[in-house]
Amino acid sequence: MNSDFLKYQAQTSPYPLGMEVSHAVGSYIYDTNSKKYLDFVAGVSACTLGHQHPRVNQAIKDQLDKYSHVMVYGEYSQSPAVQYCKLLASLLPVPLDKTYLVNSGTEAIEGALKLARRTTGRSQLISCHNAYHGNTMGSMSVMGFEERKQIFRPLIPDVDFITFNNEDDLQKITTKTAGIILETIQGGAGFIQPHNDFLKKVRQRCTEVGAMMILDEIQPGFGRTGKLFGFQNYDVVPDIVVMGKGMGGGMPVGAFTASSAMMDLLSHDPKLGHITTFGGHPVIASACLATLQEITETNLMAEVMQKEKLFRSLLVHPLIVDIRGKGLMLAAMTKSADITNEVILKCQDKGLILFWLLFEGCAIRITPPLTISEEEIREGCGIILEVMDEILNKN
């Protein structure tokens with residue numbers, strides 16, 4: 001299968017991991033040789049409830065027996081999408097009450113950027129150095145990593161950058177600014193949290209000058225930080241919140257939410273200000289609804305914080321210089337990118353899936369399903385420490 005994978009399917013890097021997947025259940029993925037791998041990555045934060053969660057699977061099957069795609073987004077009233085958006089509104093702070101459902105996080109970013117310009121009538125967008133918001137042309141325009149986007153220029157104009165957690169830079173947000181987009185916790189940069197009330201100060205500055213505050217919750221969202229959304233840890237409410245990854249329980253989806261007054265602007269002047277064929281797909285929306293219900297009706301979010309404490313207590317080693325992040329959005333920082341590479345690859349050989357972050361070479365991504373058990377955490381951390389001991393003893 002790998003030879004056909006490389007021959008017929010477009011690649012994202014010269015060296016894909018190439019595991020031949022047979023099936024996946026709970027916290028484990030199985031290859032075609034029946035070897036099982038404990039999953040500490042969860043599809044890069046997407047499989048919130050692990051693999052083949054019965055509630056999500058049943059919701060998908062039930063919806064398939066009723067109807068699948070029937071009409072382009074926004075024309076028909078379809079129960080799964082309506083129920084989902086209504087539940088989401090009940091869980092978000094005022095005035096975040098209307099949601100636009102799309103197909104991916106990067107598409108949701110595109111919609112949010114358009115909404116900021118439509119609401120303010122301004123053009124300037126501000127992002128952060130080392131930010132990652134997706135890989136379409138608009139999302140790439142607010143990516144703060146020139147090496148990854150230079151070859152694709154020209155991108156959309158009038159985008160400026162500040163440094164995350166640098167309060168002096170906030171003066172760059174002015175009456176010319178349509179919106180500033182921030183990851184609540186910087187992902188690709190190394191799971192960097194806001195400190196010293198940085199997000200509250202961004203909120204205050206945006207309010208002062210009439211700019212839109214857009215928070216990218218594609219990774220922290222849906223319980224991963226112990227709250228439904230990461231921004232709820234920092235006592236701030238954005239004008240637009242963007243979501244994706246973990247909201248679908250492993251299904252492809254994205255969304256952006258704002259006030260009704262703002263979101264309604266996309267329906268006129270011009271009509272179809274944002275449009276998508278498959279957004280709000282009933283099967284996907286059913287998976288989203290089941291996922292959100294499971295997260296909010298159980299103790300999963302409370303357990304996230306205990307699991308973070310367990311990870312931090314176990315991952316103590318001379319090769320680990322820091323554990324960054326919050327909840328089950330963690331990055332074990334090593335002394336060099338070479339050590340990180342060796343740990344990730346050797347752990348996979350031993351049956352543990354870890355992964356990299358986009359821009360921080362020293363980081364080992366640890367973003368398991370929220371449903372992971374303490375026993376599984378101990379098992380995986382044991383493998384990490386075993387591999388690190390081997391590396392340390394070898395050197």
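In degrees between 0 and 90, to the nearest 10, how far off the longest principal axis of the chain does helix 54-64 point, with axes built from Cα atoms?
Taking the Cα atoms of the chain, the angle to 54-64 is about 50 degrees.
For the residue pair residue 338 and residue 379, what label-to-label distance in nm results when each label sits 7 Å from Cα along the Cα-to-beta-carbon direction?
Computed distance between label sites residue 338 and residue 379 equals 3.3 nm.
For a Förster distance of 35 Å, can you work out the FRET efficiency between the beta-carbons of residue 176 and residue 305, rounded to the nearest 0.05?
After rounding, the FRET efficiency stands at 0.30.
Scan around residue 212 for amide H atoms under 5 Å from its own, H built in the peptide plane at 1.01 Å from N, and keep only partners 5 or more places away or cross-chain.
179, 180
Using a/c under 1.5 as the rounded threshold, could you call the range 153-205 rounded, prolate or oblate? The axes a ≥ b ≥ c are square roots of the C-alpha gyration tensor eigenvalues, and prolate needs a/b larger than b/c, oblate otherwise.
oblate
Place the peptides 85-97, 31-43 in order of packing, highest mean first, counting for every residue the other Cβ atoms within 10 Å and averaging per peptide.
Per-residue mean Cβ counts within 10 Å order the peptides as 31-43, 85-97.
So what is the 222 nm mean residue ellipticity for the chain from helices alone, if each DSSP H run of at least 4 adds -39500 (n - 2.57) and you divide by all residues, rounding to the nearest 500 deg cm²/dmol?
The helix contribution divided over the chain gives -11000 deg cm²/dmol.
Give, in nm to one decimal, the length gained when the segment between residue 15 and residue 69 is fully stretched (0.36 nm per residue of separation minus the Cα-Cα distance).
Computed gain between residue 15 and residue 69 is 15.8 nm.
Counting pairs of alpha carbon atoms under 8 Å apart in space and at least six apart in sequence, what relative contact order in percent does the range 194-306 give?
26
Work out how much length residue 136 to residue 77 would gain on full extension: take 0.36 nm times their residue separation and subtract the Cα-Cα distance, in nm to one decimal.
18.3 nm
Quick one: of the DSSP bridges fully inside the chain, what percent are antiparallel, nearest 5?
Roughly 60 percent of the DSSP beta bridges within the chain come out antiparallel.
If I model a spin label at residue 235 and residue 269 as a point 7 Å from the Cα along the Cα→Cβ vector, what separation in nanometres do I get?
Simple spin-label model gives 3.7 nm for this pair.
Would you please give the residues with an amide H less than 5 Å from that of residue 161, counting only those at least 5 places away or on a separate chain, with H modeled from the backbone geometry?
Sorted by chain and number, the residues that satisfy this are 127.
Quick one: net charge of residue 167's neighbours, Cβ under 15 Å, K/R +1, D/E -1?
Here the count lands on +1.
If you count only protein heavy atoms with a 1.4 Å probe, what accessible area per residue comes out for the chain, rounded to a whole Å²?
44
Using a/c under 1.5 as the rounded threshold, could you call the range 260-381 rounded, prolate or oblate? The axes a ≥ b ≥ c are square roots of the C-alpha gyration tensor eigenvalues, and prolate needs a/b larger than b/c, oblate otherwise.
Since a/c reaches 1.5 and a/b is larger than b/c, the shape of the range 260-381 is classed as prolate.
With both bridge residues required to lie in the range 118-219, what share of the DSSP beta bridges run antiparallel, to the nearest 5%?
Percent antiparallel among DSSP bridges in the range 118-219 is about 10.
Can you list residues whose amide H is under 5 Å from residue 184's amide H, if they're 5+ apart or on another chain and H is modeled 1.01 Å from N?
For residue 184, the qualifying residues are 216.
For the range 41-106, just say rounded, prolate or oblate: build the C-alpha gyration tensor, square-root its eigenvalues into a ≥ b ≥ c, call rounded for a/c under 1.5, and beyond that prolate if a/b exceeds b/c, oblate if not.
Oblate is the answer for the range 41-106, as a/c is 1.5 or above yet b/c matches or exceeds a/b.
Under a point spin-label approximation (7 Å from Cα along Cα-to-Cβ), what is the residue 86-residue 386 distance to one decimal in nm?
Inter-label distance under the simple model: 5.1 nm.
Between 0 and 90 degrees, rounded to the nearest ten: what's the tilt of helix 198-209 against the longest Cα principal axis of the chain?
Compared with the principal axis, the helix lies near 10 degrees.
Which ³J(HN,Hα) values in Hz, rounded to whole numbers, follow from the phi angles of the range 285-298 under the Karplus curve 6.51 cos²θ - 1.76 cosθ + 1.60, where θ = phi - 60° and Gly and Pro get x?
Per residue, the Karplus-derived 3J(HN,Hα) values read 4, 5, 5, 4, 4, 5, 5, 5, 4, 5, 5, 8, 9, 10 Hz.
Any chance you could give the angle, 0 to 90 degrees and rounded to 10, that helix 300-314 forms with the longest Cα principal axis of the chain?
40
May I ask you to order 67-78, 211-222 by the average number of other C-beta atoms within 10 Å around their residues, highest value first?
211-222, 67-78
Ranking request for peptides 308-315, 117-124: highest mean number of other beta-carbon atoms within 10 Å first, then the rest in descending order.
For the peptides 308-315, 117-124, the packing ranking is 117-124, 308-315.
The values are calculated or read from the model by the stated rules, or taken from the named source; none is laboratory data. From a predicted model like this one, the values you see are computed outputs, not experimental measurements. Glycine gets a Cβ as well: all are built from the backbone with ideal geometry, and neighbour counts include every protein chain shown. The area values use the complete protein model at the heavy-atom level, side chains included, leaving out ligands, DNA and RNA. Shrake-Rupley method; radii C 1.70, N 1.55, O 1.52, S 1.80 Å.
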